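Quick notes on the structure that follows.
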Amino acid sequence: MNRLISLIAQYAVFLSIVIAIIVWLRLPRQQKWEFAATGLIGGAVALGLLKLGSALYYDPRPFIAEHVAPLFPHPADDGFPSDHTLLAMFLAVCVFFYSRRRGIVLVAVAVAIGAARVAAHIHHPIDIIAAVAFAVVAALVARPLALALIRWWHQRSAGANRL
């Protein structure tokens, strides 16, 4: 069981990335641009929230604070928030905008990653909760901005083509 927990905690994020890429590849061209813009804008917002959160709140990892052995080697740095969970949940929300079924699958993957990282003594539950909140906020902020940017770009391009 510990091996499964370690695998999910360390590597399931790659499953989220692969599924997000597959969803992106299957989208029509217009939606590919929207998805990419949401990812770039939201990624910047998520990274900003991650950096701000870790600057404002320090949470030593459980294997340091509670003197327990982690299930896999990990640096003894700040655990707040969980970057693996943040990335997985951010991708899940972005995918959800285009495919509810695949988005729900990725939400389950993100939750499994968070739970596995807690079970592996790498994160506390607060690190996971914050990562989920930051990811959802980043995606919800980025989505309307991305759509507006794409709309503006198309209007600008259409205006240039008329000349």
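For segment 69-86, the tally of residues that are of a type outside the set (D, E, K, R), touching a helix residue (DSSP H, G or I) at 6+ places or on another chain (Cβ under 6 Å) and open to solvent by 20 Å² or more (accessible area, probe 1.4 Å) stands at 5. Could you please let me know if L56 is within 26 Å of D78 (Cα to Cα), hydrophobic (A, V, I, L, M, F, W, C) and more than 17 Å from the chain's Cα centre (by Cα)? It is true that L56 is within 26 Å of D78 (Cα to Cα), hydrophobic (A, V, I, L, M, F, W, C) and more than 17 Å from the chain's Cα centre (by Cα).
Buried (at least 19 other Cβ atoms within 10 Å of the Cβ), aliphatic (A, V, I, L, M), over 15 Å from the mean Cα position of the chain (by Cα) and within 20 Å of S16 (Cβ to Cβ), is that true of I122? Taking the combined requirement at face value, the residue satisfies it. Do we have any residue at all in segment 82-90 that's under 18 Å from the mean Cα position of the chain (by Cα) and within 28 Å of H154 (Cα to Cα)? Taking every residue of segment 82-90 in turn, at least one turns out to be under 18 Å from the mean Cα position of the chain (by Cα) and within 28 Å of H154 (Cα to Cα). Here segment 137-159 is the region considered, the condition is being farther than 18 Å from L86 by Cβ, of a type in the set (A, V, I, L, M) and open to solvent by 60 Å² or more (accessible area, probe 1.4 Å), and the residue that is modelled with the highest pLDDT is L145.
Scanning for something touching a residue at least 40 places away in the same chain (Cβ under 8 Å), open to solvent by 90 Å² or more (accessible area, probe 1.4 Å) and of a type in the set (F, W, Y), does segment 16-38 turn up at least one residue? Looking for residues that are touching a residue at least 40 places away in the same chain (Cβ under 8 Å), open to solvent by 90 Å² or more (accessible area, probe 1.4 Å) and of a type in the set (F, W, Y), one finds at least one in segment 16-38, hence yes. Among what's in segment 88-114 and is surrounded by fewer than 22 Cβ atoms within 10 Å (Cβ to Cβ) and in contact (Cβ under 8 Å) with a residue 60 or more places away in the chain, pick the residue that is nearest to R3 (Cα to Cα). Among them, the one singled out is A112.
The values are calculated or read from the model by the stated rules, or taken from the named source; none is laboratory data. Everything numeric in this text was worked out from a predicted model, so none of it was measured. Here the Cβ is made from the backbone with ideal geometry for all residues, glycine too, and neighbour counts use every protein chain on show. Surface accessibility is based on the protein's heavy atoms, side chains included, excluding ligands, DNA and RNA. Shrake-Rupley method; radii C 1.70, N 1.55, O 1.52, S 1.80 Å.
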